[in-house]
Every structure is written in C-alpha cells, then in structure tokens.
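A.B. asks: Sharing a structure below in structure tokens format, with a few things to ask.
The values are calculated or read from the model by the stated rules, or taken from the named source; none is laboratory data. Please read all numbers here as calculations on a predicted model, not as lab measurements. Because the Cβ atoms are built from the backbone with ideal geometry, glycine has one as well, and the counts that use them run over all protein chains shown.
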Amino acid sequence: MRAILILLLTFTVVSANAGTTYDVEIKKYKFSPNQITINPGDSIRWINKEKRQYHSVWFKSIDALEPDYLFPGDTYTKKFNAAGDFNYECGPHPKMLGVVRVLEANTQGYISVDKKQELLHLLKHDCGSCHGMTLAGGLGPELSPDSLKRLSTDQVVHTILNGRPGTPMPPWRQFINENQAHWLAEQLKQGKTL
Ligand SMILES: [Cu+2]
C-alpha cells in the first residue's frame with residue numbers, strides 16, 4: 001500500500017516537472033486570475049467563458065502580431081520557458097490586463113502561490129489518506145495546532161521530511177523540499193490548512 005502511494009506520487013511529481021498547465025478564465029471583461037506565478041516550462045491556457053464577447057490574449061512585448069480572437073469556448077495555450085514578468089492585454093479591450101510571472105529555475109526559499117496550492121492539495125489528499133481528509137486523525141494521528149503544540153516547527157519539519165521509521169509515516173524528502181516542508185509545518189501549527 002505504501003509502495004503504491006509512493007509510485008502514484010512519483011508519477012504526479014514527475015509529470016508536474018515536465019510542465020504544468022494552469023487555466024486562466026476570461027469572463028466579464030476580466031482575466032481571472034489576472035496575475036499568476038509559474039515555473040519555467042509551465043503553460044497557461046486561457047479559456048473564454050463569456051456568453052457572447054470575443055477577446056484576445058496579446059503579449060505585445062513577445063508577439064508582434066495580435067493572436068486570433070478567442071470566441072466563447074475557445075482556448076489559447078502558451079508555454080513560458082524564460083523567467084520574467086510578462087504583461088498582456090486584450091487587443092479589442094486594452095483595459096483588460098494580466099501578467100504572467102515566471103520564476104527563475106530552482107529559486108530557493110520562495111514558494112509560489114501555485115506551489116502552495118499544490119502543497120495544500122497534497123496535504124488534503126495524500127497526507128489526508130492517513131491523517132483523515134480534515135486531518136482529524138485516521139491511521140495517523142490528528143494534525144491540529146493543539147496536537148502539534150508539543151512539537152517545535154523544526155520537529156514537525158523533521159517528521160515530514162524523514163518520516164517516523166518503524167511506523168507507517170513515510171519520508172517526504174523526495175517530494176517536498178526543506179522550504180516547502182517548513183511552510184507546511186507552519187500551516188499545520190497555525191491550523192491554516194482549510
Ligand atoms: Cu477583451
């Protein structure tokens with residue numbers, strides 16, 4: 001059971017490294033979210049969710065020509081390999097603005113909003129498979145601010161990264177780096193896991 005879990009996780013993480021695609025909706029003359037932070041190699045897919053209105057996604061600093069209009073239901077996908085902040089707008093409605101922030105590869109110490117969401121998702125689904133979906137306990141103990149009071153943040157980080165040998169608690173070092181484990185430990189200790 002543990003082997004299967006690790007196998008599944010390996011697959012998820014490997015496919016994430018090959019580039020993740022994030023959706024941005026176009027609705028009511030707005031890009032939503034209008035600011036998104038991604039890693040190099042990730043892609044954004046814009047989806048026109050309007051009932052009637054067409055729009056475009058135009059990176060004037062990258063694309064000399066405005067790309068085709070997106071009619072309701074149309075999508076437009078763009079991959080970002082270089083780090084930097086890339087502003088875009090809608091050709092027909094220049095007040096519709098957005099920005100794609102592409103991080104430096106291997107940025108240490110900084111955890112993007114999307115990565116944080118990914119970690120919270122992992123917490124709910126993977127940690128939750130043992131600790132309970134609401135982290136109230138299962139095969140593994142409850143993970144609440146109260147139950148973790150007796151452990152320092154560093155001890156929680158240590159447990160996440162190395163597991164508890166001789167118990168079902170597996171090490172997560174392969175999937176979660178030290179910064180990320182630290183951030184997760186803080187969320188757990190503060191009960192900010194939703
Ligand atoms: Cu528009």
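A.B. asks: Looking at residue 56, is it under 11 Å from residue 76 (Cβ atoms) and near the ligand (Cβ under 9 Å from one of its atoms)?
C.D. replies: Spelling it out, residue 56 is indeed under 11 Å from residue 76 (Cβ atoms) and near the ligand (Cβ under 9 Å from one of its atoms).
A.B. asks: From the list 173, 164, pick out the single residue that is basic (Lys, Arg), more than 28 Å from residue 114 (Cβ to Cβ) and exposed (fewer than 15 other Cβ atoms within 10 Å of the Cβ).
C.D. replies: Result of the check over 173, 164: 164.
A.B. asks: Ok, one more. Restricting the search to region 80-130, which residues are within 16 Å of the ligand (Cβ to nearest atom) and among the polar types (S, T, N, Q)?
C.D. replies: Listed by number, the list holds a single entry, 87.
A.B. asks: Continuing with the same structure: Under the condition of being buried (at least 19 other Cβ atoms within 10 Å of the Cβ) and among the polar types (S, T, N, Q), which residue from region 33-53 is nearest to the ligand (Cβ to nearest atom)?
C.D. replies: 48
A.B. asks: Turning to a different aspect of this structure: What residue, of 38, 44, is closer than 30 Å to residue 191 by Cα, under 18 Å from the mean Cα position of the chain (by Cα) and in contact (Cβ under 8 Å) with a residue 40 or more places away in the chain?
C.D. replies: 38
A.B. asks: Can you name the condition, by its number, that residue 118 falls short on among (1) in the same structural domain as residue 170 (by TED's automatic domain parsing); (2) more than 21 Å from residue 43 (Cα to Cα); (3) not hydrophobic (A, V, I, L, M, F, W, C)?
C.D. replies: (2)
A.B. asks: Could you tell me which residue of region 20-29 is farthest from residue 82 (Cα to Cα), considering only residues that are in a strand (DSSP E or B) and at pLDDT 95 or above?
C.D. replies: Top of the filtered list is 27.
A.B. asks: Inside region 142-194, can you point out the residues that are among the acidic types (Asp, Glu) and assigned to a helix (DSSP H, G or I)?
C.D. replies: Residues satisfying the conditions are 154, 178, 186.
A.B. asks: Could you tell me whether region 134-155 includes any residue that is within 21 Å of the chain's Cα centre (by Cα) and within 30 Å of residue 24 (Cα to Cα)?
C.D. replies: Among the residues of region 134-155, at least one is within 21 Å of the chain's Cα centre (by Cα) and within 30 Å of residue 24 (Cα to Cα), which makes the answer yes.
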